[in-house]
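**Q** Encoded as C-alpha cells, here's the structure I'll be asking about.
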Amino acid sequence: MTGFDAASCVSNLTELPGVCLVMYDASGALLYVGKARNLRKRVASYFRDSGQGARTEALVARIAEIQVTVTGSETGALLLEQNLIKSQHPPFNILLRDDKSYPYIFLSRGSFHGWVFIVAPSRERGRYFGPFPSSAVRESLNLLQKVFRVRQCEDSFFRNRSRPCLQYQIQRCSGPCVGLVDEAEYAESVHDTALFLEGKSTVLASELADRMERAAAALEFERAAVLRDQIRHLQAVREKQFIESGDGNIDVIAAAAGPGAACVQALFVRDGRILGSKSYFPRCRIEESAAEVLAAFVPQFYFGARGERQIPAEILVSEQLEDADLLSEALAGAAGRKVASSNPACVPRARSG
C-alpha cells in the first residue's frame, strides 16, 4: 500500500454529484478519472475491505492522492469526465483507441465551385459530413459522381483546365471547369449532393420528381430523362440499404468482453439507410464486463471524437447502461434535440424525432 489515508479522504468529501476528478500515484501520474452521483459513496466503495476485483485492488494499491471537482449537475460531471479521459488517457479507464483513418466527406462552399472529396476534418471552408465507415464513403462518392456529376478535383486542378478531363468523358463530372454546365444548374447539383449526404433522400427524391414534371411540361425531355435516371439511382440505393419503412436515424452499438480483451461493434443508420458498420477494440482490464465496456465506450465515442461526430435520434445498445438517462440528457444537450438511449432487451423501444 502507498500509505494513503483513505478514511480521512472519504470523511472530507461532499455527497454532491461531481467528478472523482483524479487518482494519482506517488510520482504524480494520473491513474483514473470517474464521474459520481455521490462523491463520498463513490470514493468509499474503492476502499472496502472485501469484494474488490483485481483491477480495483491494483488501482487502490497505487493511489497516493485523490482530487475532486464538484460540477453543477451530473451531466456536467459526465462531460468533464470525458474531456479528462480524452486529454489525459488514464491507464485504469477503458480507452477507445482513436481511429485517425475514419474519413469525412467534404463539400466546399460556393455554387459553381462546389466540390466533394474524402478528407479528415480541417480548417478548409465548407461542410463536413460524417465520419463514415470507409466502405460507405467510397460508395457514396461513387454514387455522387454517377448521379449528380459534381466535380471531385481540387481548386488548383480546376482553375488550370482548358478542356474537360477524363471524368467528364466518362460522364462522372459535368465539366464546370470549362463552362459545359451553367452556374444555376451546377448549384442545383451541389444542393442535391448536400441533401444526399445529410441523409435526406426522401426530400431529395421529391424535389427531383417535381423538377422532372416541370421539365416535361416545358417539353425539355432530355432534362426530364436525366432527372428520371437520378430518381431511379436513388431508389436503387434505398432498396439496397433500407432497413424499415420509416426514416430512422439510429446507431446500434453492441459489446462483447473476455479476459483482457473487448470488441465493440457499431452499426450506423441514417434516413433508414445502413451507412455501414465499424469494429472497435478498446483497451480494458481483465475483469471488465460487456456492460462496463459499453458504458465507457458510448460517451467517449460521441464526446471524445476527433472532430464533431453526428449524434442520431436514437442509440440502441446491447447492454443495460447504468447511467442511460444521464447519457441521453448529455447527448440531447449536445445535439440540441431529444436523443433516446435504450437496450431493447430490457425496456420498450423509444422512438424520437
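What follows draws every value from the coordinates through simple rules; no lab data is involved. From a predicted model like this one, the values you see are computed outputs, not experimental measurements. As a convention, Cβ positions derive from the backbone with ideal geometry for all residues, glycine included, and neighbour counts pool all protein chains shown.
**Q** Just add up the charged neighbours of CYS177: K/R +1, D/E -1, any other residue whose Cβ is under 13 Å from the Cβ of CYS177.
**A** Numbers: positive: ARG149, ARG151, ARG159, ARG161, ARG163; negative: GLU154, ASP155, GLU183.
With Lys, Arg at +1 and Asp, Glu at -1, the net is +2.
**Q** Excluding SER73 itself, what net charge comes from residues whose Cβ is under 14 Å from its Cβ, given Lys and Arg +1 and Asp and Glu -1? Please list the in-between numbers first.
**A** Working: positive: LYS35, ARG37; negative: GLU74, GLU81, ASP323, ASP325, GLU329.
So the environment of SER73 carries a net charge of -3.
**Q** Between Rg and the Kirkwood Rh of the range 30-83, both from Cα atoms, what is the Rg to Rh ratio? Intermediate results must be reported in sequence, preceding the final value.
**A** Numbers: Rg = 12.1 Å, Rh = 12.4 Å.
Radius of gyration over Kirkwood radius for the range 30-83 works out to 0.98.
**Q** What does the extension gain come out to for ASN38 and ASP5, with contour length at 0.36 nm per residue minus their alpha carbon separation? If you can, show how the numbers build up before the last one.
**A** Details: separation 33, 0.36 × 33 = 11.88 nm, distance 1.97 nm.
Here the answer is 9.9 nm.
**Q** Obtain the nm distance between the two label points defined at ASN160 and LEU143 by a simple spin-label model: each point lies 7 Å from its Cα along the Cα-to-C-beta direction.
**A** It is 3.4 nm.
**Q** Using the beta-carbon distance between LEU16 and THR202 and R0 = 56 Å, what value does 1/(1 + (r/R0)^6) give for FRET efficiency, to the nearest 0.05?
**A** Rounded to the nearest 0.05, the efficiency is 0.75.
**Q** Further question on the same structure: Taking amide H positions as placed 1.01 Å from N in the peptide plane, with prolines and chain starts having none, which residues 5 or more places from ALA340, or on another chain, fall under 5 Å of its amide H?
**A** GLU314, ILE315
**Q** If packing is taken as the average number of other Cβ atoms within 10 Å across a peptide's residues, how do 214-221, 82-89 rank, most packed first?
**A** My ranking of the peptides, most packed first, is 82-89, 214-221.
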